[in-house]
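Remarks on the structure that follows.
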Amino acid sequence: MLLLTILLSCDKEEGPTAPPIETPEEEVPADLTIKEKAKFNIGSATTTAALKEPAYTSTLKKHFNQVTAEYEMKMAHIWSSSTSYSWDKADELVNFAKENNLEMHGHTLLWYKSFPGWFTSANYDSVSFENKVKTYITAVVSRYKGTAISWDVANEIFNDNGSLRVDDAVYVTFKDPVAFYGRCFQYARDADPAAKLFYNDYRIALSGGKRYAVKQMVERFKREGFPIDGIGDQFHTLVSSGLASMKSGLKDLATTGLLIHISELDIRVNVNKSDNYVFSTSEQQKQADFYKAIVEMFEELPQAQKFAITTWGVTDKNTWLSDWWHPKEYPLLFDKNFQKKKAYDGFLEGLN
Ligand code: XIL
């Protein structure tokens, strides 16, 4: 035994030179995902139905670190009657976010399109209207306190020209609708003082009139002591939209000093709603370049004001645009088989 040990150890010393131990090469980062590369949150709208599909949830968890409810946290979905709430779906989304370390952005406490039927048909006077809404905001924001770290308090109150929407129950009920919205921001603040509170709307960067109205509202809130932390511009765009005016508009919006959220990004390619549309390689590239340009314009904002970029869905398989725009529409970062599109690479390249 002793001999064998000696022989073996001799063998070792006299054997052929062992290959040199590999020196570890410089750690080359494997393909970074958008959430890994970005210095701000990357969000997606989601639904409880979509979460049932494993390929969907794994894509969501791998590439995004924030979620928002595509519709299940809107008033008409939660506020089932004047004395009851339906929390199930909203709870499911919030629990999913919590369990998977995703930040939850609440969307949206108020939206003219989402007052429940029982509420609008009650024709409340302004005092009852506000008491009811205050109770609602307090209930929702308190329930998700600490998990929904930010909220869209009000959504789409202005027309593109900056006038208030007349088809808003708030407009019909209050002499000074903006002051009512200001008080609603305060109710949300009282329910969760740490939550970041946003005003959300579409085409703010592109429509000068709307942008002016939003900035005026922010000024007024500051003057009159109503809380507001950020502005979300939805960015439901078309590849044909004017990038230069979007960029200057976004920069102008940031002069408010508030957090800026590109809150519902998707980029339509079938601009003419054509039944014969083909999402060809060149169309895919055009969309990728557009994603890149949008991410780049966001990156040009002051770092402290970059809240998040949220895409309005994960995959072209489930996008609201299939119904609302055209069945042949491909607006998101992943294709129907959860493969990264050129759009994804464009987004990634646009990040600093
Ligand atoms: C849309 C959802 O995507 C749809 O599923 C729902 O039926 C209607 O609302 N602006 C918004 C979003 O602020 O809440 C809207 O979401 C899209 C436009």
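Between the helical axis of 2-14 and the longest alpha-carbon principal axis of the chain there is an angle of about 70 degrees.
Amide H to amide H, with H built 1.01 Å from N, Lys196 comes under 5 Å of Ser150, Trp151, counting only residues 5 or more places away or on other chains.
Label point of Ala304 set 7 angstrom out along Cα-Cβ; within region 223-239, amide nitrogens under 18 Å from it belong to 228-231. Using R0 = 45 Å, the C-beta based FRET efficiency linking Lys132 and Leu51 works out to 0.90. Taken over region 71-168, lysine pairs spaced eight or more positions apart, or on distinct chains, with alpha carbons under 23 Å apart number 16. Helix 208-224 versus the longest principal axis of the chain: what is the Cα-based angle in degrees, 0 to 90, to the nearest 10? Computed tilt is about 80 degrees. GNM on the chain, alpha-carbon springs under 10 angstrom: the most fluctuating residue among Thr315, Thr135, Thr237 is Thr135. Peptide packing for 283-295, 80-92 was compared via the average number of neighbouring C-beta atoms within 10 Å per residue; ordered from the highest value, the list is 283-295, 80-92. Under the rule a/c < 1.5 gives rounded, and otherwise a/b versus b/c splits prolate from oblate, where does the chain land using the Cα gyration tensor? Since a/c reaches 1.5 and a/b is larger than b/c, the shape of the chain is classed as prolate. With the highest mean first, a sort of the peptides 168-176, 146-154 on other beta-carbon atoms found within 10 angstrom per residue produces 146-154, 168-176. Here's the picture: charge each Lys and Arg Cβ at +1 and each Asp and Glu Cβ at -1 in the chain, and of Phe119, His107, Thr147 the one pushed furthest to the positive end of that dipole is Phe119. Compared with the alpha-carbon gap, the fully stretched path from Lys113 to Thr281 is longer by 56.7 nm at 0.36 nm per residue.
Around the Cα centre of the chain, unit charges on the Cβ atoms of Lys, Arg, Asp and Glu (plus for the first two, minus for the last two) sum to a dipole of about 1300 debye.
Using only side-chain charges placed at the Cβ, +1 for Lys and Arg and -1 for Asp and Glu, the dipole size of region 131-225 relative to its Cα centre rounds to 220 debye. The amide H of Arg268, built 1.01 Å from its N in the peptide plane, has Thr237, Leu238, Val239 as neighbours under 5 Å, considering only residues 5 or more places off or on other chains. By the helix-only formula, in which each DSSP H run with n ≥ 4 contributes -39500 (n - 2.57) and the sum is divided by residues, the chain has a 222 nm mean residue ellipticity of -12000 deg cm²/dmol. Backbone N atoms of region 41-72 closer than 16 Å to the 7 Å Cα→Cβ label point of Asn352 belong to residues 41-42. Principal-axis analysis of the Cα atoms of the chain puts helix 54-63 at an angle of about 90° to the longest axis.
Quick note: the coordinates plus some simple rules give every number you see, no bench work behind them. Given the structure is predicted, the values throughout are model-derived calculations rather than measurements. For neighbour counting, all protein chains shown are included, and Cβ atoms are generated from backbone atoms with ideal geometry for every residue, glycine included.
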